[in-house]
Each structure stands twice: as C-alpha cells, then as structure tokens.
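Working notes, beginning with the structure itself.
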Amino acid sequence: MLRVAEGCPKHCVLIRVLFISGKSKEAEIKRINKELANIRSKFKGDKALDGYSKKKYVCKLLFIFLLGHDIDFGHMEAVNLLSSNRYTEKQIGYLFISVLVNSNSELIRLINNAIKNDLASRNPTFMGLALHCIANVGSREMAEAFAGEIPKILVAGDTMDSVKQSAALCLLRLYRTSPDLVPMGDWTSRVVHLLNDQHLGVVTAATSLITTLAQKNPEEFKTSVSLAVSRLSRIVTSASTDLQDYTYYFVPAPWLSVKLLRLLQCYPPPEDPAVRGRLTECLETILNKAQEPPKSKKVQHSNAKNAVLFEAISLIIHHDSEPNLLVRACNQLGQFLQHRETNLRYLALESMCTLASSEFSHEAVKTHIETVINALKTERDVSVRQRAVDLLYAMCDRSNAQQIVAEMLNYLETADYSIREEIVLKVAILAEKYAVDYTWYVDTILNLIRIAGDYVSEEVWYRVIQIVINRDDVQGYAAKTVFEALQAPACHENLVKVGGYILGEFGNLIAGDPRSSPLIQFNLLHSKFHLCSVPTRALLLSTYIKFVNLFPEIKTTIQDVLRSDSQLKNADVELQQRAVEYLRLSTIASTDILATVLEEMPPFPERESSILAKLKKKKGPGTVTDLEEIKKERSSDMNGSAEPASVNASVVSTPSPSADLLGLGAAPVTNSAPPPSSSGSLLVDVFSDSASAVAPLAPGSDDNFARFVCKNNGVLFENQLLQIGLKSEFRQNLGRMFIFYGNKTSTQFLNFTPTVICSDDLQSSLNLQTKPVDPTVDGGAQGQQVVHIECVSDFMEAPILNIQFRYGGTFQNLSVKLPITLNKFFQPTEMSSQDFFQRWKQLSNPKQEVQNIFKAKHPMDAEITKAKIIGFGSALLEEVDPNPANFVGAGIIHTKTTQIGCLLRLEPNLQAQMYRLTLRTSKEAVSQRLCELLSEQF
C-alpha cells in the first residue's frame, strides 16, 4: 500500500502514483483516464465542492495537461478559484488559467473581472498573482483590458516594492506584444524617477522597461540619461558590502549595471558636461576594476565582472567620442585575445571589429594584428576563427593590406567550408580597395581562384575582368599572368573563364613572345574546352572568334574547330548557334568588318561593386542595430562595379583615372531642389504624394553637423522614427558618402524620397551625384544612398539633405545639414620646422591670416586636441613649434581648379581655459572658413 509522506498534500498522490506505477505508456493512460473520470464526476456531482477540493482537482488537471494529455473541462472551476481569499487556491487558479486558457475563450471576461478585482484590492500578494497572470498570458486582449491600469499601479506612491517590480515587468511584456495599445502619457515622466528608487529590484525592473520604451520613444525618456548615470555611478563606486543583497560574487549589482549601460546606449553622449564627466568616471572605474586581481577564483565572479566590462565597452564604442576610453577599451580587449576562456576570446574579437571602425581607436586595434593572425592559425573553435577573419577585414588599411590579404589566402587553404565563400569575398574586396599596384590585385585574384575556385562567385571574376579592361597599364601583365596560370595541369573553371576573356581581348600583347604565340594560346585554351561546362564553352567560342581578328594567321585552325561536328551538331542550342554564326562571320566578313564587329571591349562604366552586395547578402539583411558593421562593409569599394555582361549605354564617357578611384562620373549631376508644393488647401498637402516644400532644419542639426567636421562616420540624425547614419571617404578633390536611412519602427516608410539640395552658389563649387533610393523602407530595415562628391572650387556653405516620406498615413518632412565641408578635401603635408616657418613667413599678408581667440567649450585634453586636428585633415607636425604645448598643422586643400596650401597653429592657455587659433592660407575666404570650422571643435 502506498504511503503518503507526512506533510505532503493529498493531491500529490497522483504524481507519486504515476512515477511508481507508470512503467508503460498504456498503464499511465489507464491511470490518467481513471483519474479524469473521477474528477469529472466530482465537478458534476450534486454536492458542492469546497475551495480545497476544487484546488486539488484543478491542480491534478494541470499536471495531467503538462504530461501531454488534452484537458477539455475544469476551466470554470479554475475561474471560481480566482475569487477565493486563500492564497494557495487563488495561486492554482491563476496558474491553470495562465497555462490552459486561450485568448479566445468565452471565460475571458470573467477572468478579466477577477483580475480587476485583485488589482483593486491593494493586497500586494493578490496584485502580484494578477500581474503575473497578465504577463504570462500576454495576449492582445489582456493589453486592451489592462494596459491603461498597470502604469497607474506602477507610479502610485502607495504601491509596495514587490508590486512595482511585477507591474514594470508586466507592462514590458504587454508593450512587446502590443506596443500600439500601451498609451504614452503623464506616467512616462514619473516612471523615469523609479531609477532613483531605494529598492534595487524596482530599479532593475524599471530599467528594463525604460530601455525598451526609449528605443521607440527616445524623446519621452531622455531625462533617464542623467538618472541612469547617477545610479550607475553609485553602483560602480560602492564596495561589495554596501549592496549586500544585490552583490553577486563580490560584484555589486551586475545585472542592474548591465541594464543601465544598455539604456545609455539608446542615446548619444550626454550634452551636460557634469553628467558626461560623471559617466566618463564610471566607465574609467569599470576599466580600472578589470585590471584589478580577481576577488574570487570562481567562474561566477569573472562572468559577472566581464559582463559589466563588455557592456561598458559597448557604450564607449556607441558614443565614439572619447579617444582615451576607446584606446583603453581596445587595450583591455587585446588582453582577452589570448585568454584561456573561448567565450571571452570570441567577445573580444567581436567588440574589436566595431572598435576598428572608429577613427580614434583604429590604430590601437591594428597593434594586435599579430595576435589576431595567430588566432586564425591556432584557434580550435570555428566561430572564433570567423570572428578573427572579420577583425582582420575591419582593421585592414593601406599600411597592412598586403599582409592581411596574404594571411587570409594562407588560411583559406585549410578554412572550414562554411566560411570559405565569405573569406573569398572579403579578400576580393580588400585586394581591390587597397590595390596601389594593380598587378598585385591581379595576382591576388588569380591566387584566390586557384585556392578556392569553387567559392569564387561570378561577381568576383566579373570584377577582375572589368578592372583589367578599364586599366591600360595592367592589361599586358594580366594576359601574361593568366596565360602562365592556365598551363597548370588542373585549372579551375573560373580561371578558364578569366583566361578566355582576357586573352581574347589582350592576347596580342603577349603574342610577340615565342612561348605565348597565337597558336600556343589557342591550343592552351582549347585543351580545357572539353572539360568545361556549357556557359564556359560558350565564352571560349567567343574568344576563338576574337582570335580570328587578333591573329589572322590561325584563322584556318579556328575555322576547323568551329566546323567540326562536335560544334555544328552540338546538342546544346546555344553552342550550336554560336559555332554556326561565328564560322559564317569568319568566312564571309572582310577584314575591316571583322575588326569593327570584334573590336576590343570599351571600358565598363564605373558603378558600385557587386562584390559588396554579395557580402551583405551573405551576412544577412541590415537593421538599425547593426548600422555600424554594415557601414564598415559598405565603405570598402574604391573602383565602382559593373558586370562585364552589361554596358549601360546611358552612362557618360569613361571617367579619368583620378575620378575612377572614387567611382565618380557614373551619373548625371542631380543638384536641383524639389519643386515647391503647389498652393492649395491643407487637406491637399496632407494627402498628396507630390513633393512638399523643404522643411526647416531639424532641431540639433547644427550641433550634429559640427560633430562631423573632424570625423567621417557616425549617426547624423535620430528621432523616434528615423536614424540617419553616415560613412564618408575623401581623396584630393573627390569624395564619396554613404547615407544610411534606418527605419526604427515596425511600420513601412512609403514614398521615401531623400533629396540633396545645393544653393546656386554652392552648385558652381560642388558637384554632387546622387543615386536613387528604394521608395519603400521596411520596418526595422534600412536603405542606403550613395553620394559622389567633386570639389570644383572652395565653398562656404553646406548642402541640405531633405527627406520626405509617409509613415502610418502621415506625411513626414525633415531637413538636416549634410557635413560636406571644405576641410574634407584636405591632404596632410609633412614639413620640417625650417620649412614650416619659411612658408609661414611667406603667407604674412594680412588678408591671408585669420586669427580667433576663444573660450574652451570642452575639457582641454592634449590627446583629444591632437585627434581633432588630425581628423580635421591636416598633418600634425611634432617638434616644430618652440612651445611644446602648441599644436601645429599643415596641409593642402584640393579643388578641381586649384590647390590651396594651409598652415595652422593652435595655442592653448590652460590657466585661462582659452585658445588662440591662427590660420594662414593663400586665400582669405578659405582661411576664414577653416578658422570658423576648427574653432567650434574646442
């Protein structure tokens, strides 16, 4: 006979019986059916059940359901339990409803009434049960019924702490499932002040809620920044004994610290100097604590400590405004690259990828290149190796491109199959972007095809052909190199494609060498013919007819091949047609007609690289949250792109080599402003899709514009709907700007129309070429626009970016200043002290000098000042000024019409907290403009 343990509730007997007697599925089903019949008879019996019996039977039904059996009765009894004044009975009732009752149930009105009664009871235990039930169900019907009530409970002064916690998390659940049903109102300003609550549990729950709300409604919760900084400061400066109840293995409130740091990542750096200084102290303290010896050897201590550290580094990267913190964060991550814990190595590599895109920390990231390369070679975990590849790609620039590309090629031979295609794309992009010598580029791509030909997509070999055709200086080398590569016994088919195309165009450049005579070239290609697929054979037939024009001496040999049965009677229609037509062409056409029809391919129009599009597609669709990573990838191309198979006849003639480097000359200038809206009624303006009048500048536009004077990438504008990010690059008088439009909502933007507007004066000084944007931007996604820039002459104004679109039926119209300033066309110039002062004296005309004495607006930090002068575009000349505290710079402003030399001298006075800035150029207006721009930075 089964004994029930003393103190065990009697309804637990069923559970014990099932565990002991349920040796088979059949026995279990038999026992459950017997129990269900008993419970059904009890519920239908004439005798009314007391609360305890109802609770017992409802609990059994719940357990049977959790075993995987259907329950089709007992719901009403569970609802009746909600009206009980006993905690245990009410708890079982709510538990049953949370698990078994769906939102379409006929009982939902009764359930809602019971929940409302408990919420109004002011009994904290009952209120907690009701809030938990609302959150667990979390349906739209629950949100409609209670979304207006829960905020009142949350901010009420007499609500107990435990109920506040439950209310905050319940409201968070409803907002995530039905954000449109949670009304913003007076409670939003009051909920922010929960960050100052004495109870850290309330603060933790409130922080989770505010973070989610602030992502969609940043303006409503911007006051939370100062409160979050204040609370974070109190936590990170406290000892582990100060917050005993919330200290986890000697780390004070790690979960709350992480949540506060994530909340701060919803906003730009604080504008208030006091708040910003306090936040900087917090971040420095967190970085300092990471260097301290651990207070415990347990893994929980290191996990909690590192969680706070990595979130702090994420905030430093997000703000991207403190060079010292960025460099320190980079050095801290560098220590983790060789840590024995795999997860830490992974996280360090991932964070450093983002750091590499910052102008302030890029150089610091590069110092770890050897460690990253070693990780690529020795790391066991494939995901860590993939992050190492990503970091090498992110840290690559002209100084280390050849080393990084070589290491990636070496790794490619043994790389996991799952990441080979991505590595191939990245090698192709880096080789193209940083190819100073295009012979190196050709060697790299051919080596890429040799090592991983199966993973070289059409975009890659299309690209190498385009670049070879567009550059006269590399054509002979490419023909020679590909001819030698084809002599290998086993060649990948992609190499045959490249070889066939290049030799068909430029085989005559190497035909003078007896080792690569026309007949040898033809025999070499034809020896691969029967091993290739139909598309490659078709390409080779086109090469053969090109040879007829290039090398008349082998015309007969080629005609014999074309005349053979294997070609004229080929089962493939495409090959048969080509053979017949090419044979006929070579037979009846005169030499002049052949030369005309088969002339060398013209240069391809320069457009955006399709390799980048391929890489983005492989990495997945872009969202607002991964804006920085996508900006890094999308800024890679330096040559434009087009596939060899298509030539756009509407494109203007091939740009000059200098313009070609940045892909200019691909589209007509589009500087014109949109037409003003027609004079009509307001109703017509609201519902019309025609272009509206240009909106005035958005609030904060001037401040955001000033931040970009010394940097090229970041977030230009952000509100609750839209985020605008920029990534720019400039060389001499040419530039290219990527503009990213991120939809922060879950609703589509329709008729999305961004327009770059220049004044009449600016149009004559600045040529802008914009590419069209998709008129629809999906919720959570982003669109991209490319602007090609050419500085014709010096200019004083900045273009305006006007954006118009429809959101939820409402017309949106905003304008921001586009940070294209004269200093962007600076090229730094290194000078000795003697040369500098000699040139300084030559520019002594009063009209050539502009001087400004001004009060410091920011802390006078020497390292930040250096970074800003370098970011401004000039070279920072060390040991030139007799006073080591002064800063001296030199550079040349490049325009299409002229070059303007520029010298600058910045003299800080720490005691007076003032600067004196002196600029000398050969043109007064340029001196004035540069002085205005640079003075605003200090």
message = Tell me yes or no: at least one residue of segment 360-373 is open to solvent by less than 60 Å² (accessible area, probe 1.4 Å), in a loop (DSSP other than H, G, I, E, B) and within 29 Å of residue 858 (Cα to Cα).
response = yes
request  = Can you confirm whether segment 840-854 contains a residue that is assigned to a helix (DSSP H, G or I), open to solvent by 90 Å² or more (accessible area, probe 1.4 Å) and under 15 Å from residue 888 (Cα atoms)?
outcome  = yes
message = Looking at segment 120-150 only, could you name the residues that are of a type in the set (Asp, Glu) and either open to solvent by less than 30 Å² (accessible area, probe 1.4 Å) or not in a loop (DSSP other than H, G, I, E, B) (or both)?
response = 141, 144
message = When the residues of segment 783-822 are narrowed to those that are more than 25 Å from the chain's Cα centre (by Cα) and aromatic (Phe, Trp, Tyr), which ends up most open to solvent (accessible area, probe 1.4 Å)?
response = 811
message = Among the residues of segment 180-219, what is the count of those that are open to solvent by 10 Å² or more (accessible area, probe 1.4 Å), within 24 Å of residue 746 (Cα to Cα) and touching a residue at least 40 places away in the same chain (Cβ under 8 Å)?
response = 9
request  = Test residue 829 against the stated conditions and say whether it is farther than 30 Å from residue 912 by Cβ, open to solvent by 30 Å² or more (accessible area, probe 1.4 Å) and in contact with a Gly (Cβ under 6 Å, 6 or more places away or on another chain).
outcome  = yes
query = Within segment 438-450, is there a residue that is hydroxyl-bearing (Ser, Thr, Tyr), open to solvent by 10 Å² or more (accessible area, probe 1.4 Å), part of a helix (DSSP H, G or I) and under 23 Å from residue 354 (Cα atoms)?
reply = no
message = Residue under question is residue 289, and the condition is that it be within 20 Å of residue 229 (Cβ to Cβ), free of Cβ contacts under 8 Å to residues at least 60 places away in the same chain and either open to solvent by 60 Å² or more (accessible area, probe 1.4 Å) or not β-branched (Val, Ile, Thr) (or both); does it hold?
response = yes
Condition broken by residue 52, with the remaining ones in (1) open to solvent by 40 Å² or more (accessible area, probe 1.4 Å); (2) farther than 30 Å from residue 209 by Cα; (3) not in a helix (DSSP H, G or I) satisfied = (3)
inquiry  = Yes or no: segment 726-742 includes at least one residue that is in contact (Cβ under 8 Å) with a residue 12 or more places away in the chain, open to solvent by 30 Å² or more (accessible area, probe 1.4 Å) and over 25 Å from residue 794 (Cβ atoms).
reply    = no
ask   = Looking at segment 706-720, which of its residues are outside any strand (DSSP E or B), open to solvent by 20 Å² or more (accessible area, probe 1.4 Å) and either touching a strand residue (DSSP E or B) at 6+ places or on another chain (Cβ under 6 Å) or within 28 Å of residue 826 (Cα to Cα) (or both)?
value = 706, 707, 711, 712
inquiry  = Just checking, does segment 324-337 include any residue being farther than 17 Å from residue 419 by Cβ and touching a residue at least 60 places away in the same chain (Cβ under 8 Å)?
reply    = yes
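Here is a yes/no grid of residues against (1) under 22 Å from residue 135 (Cα atoms); (2) of a type outside the set (Phe, Trp, Tyr); (3) modelled with pLDDT of 85 or more:
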| site | (1), (2), (3) |
| --- | --- |
| 9 | no, yes, no |
| 34 | no, yes, yes |
| 49 | no, yes, no |
| 56 | no, yes, yes |
| 73 | no, no, yes |
| 85 | yes, yes, yes |
| 96 | yes, no, yes |
| 99 | yes, yes, yes |
message = Among the residues in segment 306-327, are any in contact with a strand residue (DSSP E or B) (Cβ under 8 Å, 6 or more places away or on another chain), closer than 20 Å to residue 253 by Cα and either modelled with pLDDT of 90 or more or hydrophobic (A, V, I, L, M, F, W, C) (or both)?
response = yes
message = I'd like the full set of residues that are surrounded by fewer than 17 Cβ atoms within 10 Å (Cβ to Cβ) and either assigned to a helix (DSSP H, G or I) or in contact with a strand residue (DSSP E or B) (Cβ under 8 Å, 6 or more places away or on another chain) (or both), limited to segment 234-256.
response = 234, 238, 239, 240, 241, 242, 244, 245
inquiry  = Looking at (1) surrounded by 15 or more Cβ atoms within 10 Å (Cβ to Cβ); (2) outside any strand (DSSP E or B); (3) modelled with pLDDT of 85 or more, which one does residue 885 not meet, given that it meets all the others?
reply    = (1)
inquiry  = Go through segment 159-170 and report how many residues are surrounded by fewer than 20 Cβ atoms within 10 Å (Cβ to Cβ) and either among the β-branched types (Val, Ile, Thr) or over 20 Å from residue 207 (Cα atoms) (or both).
reply    = 1
remark   = So the helices (runs of 4 or more DSSP H) completely within segment 470-581 holding 2 or more residues that are open to solvent by less than 70 Å² (accessible area, probe 1.4 Å) and either touching a strand residue (DSSP E or B) at 6+ places or on another chain (Cβ under 7 Å) or of a type in the set (A, V, I, L, M) (or both) are 472-486, 493-506, 518-529, 534-550, 555-563
query = Going by the structure shown, is residue 794 out of contact with any Phe, Trp or Tyr (no Cβ under 6 Å at 6 or more places or on another chain), part of a loop (DSSP other than H, G, I, E, B) and closer than 30 Å to residue 729 by Cβ?
reply = yes
query = Is it true that some residue in segment 110-119 is in contact with a Lys or Arg (Cβ under 6 Å, 6 or more places away or on another chain), open to solvent by less than 10 Å² (accessible area, probe 1.4 Å) and under 22 Å from residue 168 (Cβ atoms)?
reply = no
remark   = Taking segment 257-269 and keeping only residues that are touching a Leu at 6+ places or on another chain (Cβ under 6 Å) and open to solvent by less than 20 Å² (accessible area, probe 1.4 Å), one is left with 260, 261, 264
query = Of all residues in segment 220-233, how many are open to solvent by 10 Å² or more (accessible area, probe 1.4 Å) and of a type outside the set (D, E, K, R)?
reply = 6
key: Candidate set: segment 85-102, residues that are open to solvent by 40 Å² or more (accessible area, probe 1.4 Å) and within 45 Å of the chain's Cα centre (by Cα); chosen: the one farthest from residue 168 (Cα to Cα)   = 102
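The values are calculated or read from the model by the stated rules, or taken from the named source; none is laboratory data. Nothing here was measured: the structure is a model prediction, and the numbers come from that model. For neighbour counting, all protein chains shown are included, and Cβ atoms are generated from backbone atoms with ideal geometry for every residue, glycine included. SASA here: full protein model, heavy atoms, side chains in, ligands and nucleic acids out. Shrake-Rupley method; radii C 1.70, N 1.55, O 1.52, S 1.80 Å.
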